[in-house]
């Protein structure tokens, strides 16, 4: 889960230096993030993502039960959070099409209403357009399908291999999250409108 921009980031020396500083700061908070500045052909979007198990709150509501109310505080016990975050990738396989999944992710470092990065140590608040211009921000969650050429080198045949300890290492070793290899769970697109409330456009992928 994370954010992506549907085009390559074209950064000058100063902006790229600031990006590197921010990414180093983020990796201190969460070691297993994956990021890219994208490529000129848009095979890979610019992105910063992390394993979905590391989301702040996740509540799974069984079919027939009432899920948490959206817009309210999402309650998950400390024991449940600790257990979920301690799982390895191949152990976190909770998804099905009958339960309802309610998620919450919070950060003190991005202020969407003002379109700024804020509260980063030794840095002043910065306009997000410094990094991606007028592009829209996409909040996403996806599965990575490992490219066939990578599997062939590992003696594998199935594309989606996130099902055991050995195979989860293969996914962590995939250097590029190219569009052809992604199976989107959801995508929420955000655009900044000066002096107006940000517009949210939601698109669910099949």
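Each of 184, 35, 45 was scored by other Cβ atoms within 10 Å of its Cβ. Arranged with the fewest first, they read 184, 35, 45. Projected label points at residue 124 and residue 82, each 7 Å from Cα along the beta carbon direction, are separated by 4.3 nanometres.
Which parts of region 2-37 would a label at residue 175 reach, counting a residue when its backbone N lies under 19 Å from a point 7 Å out along Cα-to-Cβ? Those under the cut-off are 8-9, 33-37. Fewest-first ordering of 70, 58 by other beta carbons within 10 Å of each residue's beta carbon gives 70, 58. Using C-alpha pairs under 8 Å with a sequence gap of at least 6, the mean separation divided by the residue count of region 2-126 gives a relative contact order of 22 percent. Here the label points at residue 75 and residue 191, each 7 Å from Cα along the C-beta direction, are separated by 3.9 nm in the simple model.
R0 = 45 Å: FRET efficiency of residue 98 with residue 13, Cβ-based, nearest 0.05? If you can, show how the numbers build up before the last one.
Numbers: r = 51 Å, r/R0 = 1.14.
Taking R0 as 45 Å, the efficiency between residue 98 and residue 13 is 0.30.
Counting neighbouring beta carbons within 10 Å and listing from fewest to most, the residues 32, 79 come out as 79, 32. When Rg and the Kirkwood radius Rh are both evaluated on Cα atoms of region 1-79, their ratio Rg/Rh stands at 1.12.
Values in this text are rule-based calculations from the coordinates and carry no lab data. Values in this document were obtained by computation on a predicted structure and should not be read as measured data. Note: ideal-geometry Cβ built from the backbone for every residue, glycine included; neighbour counts use all protein chains shown.
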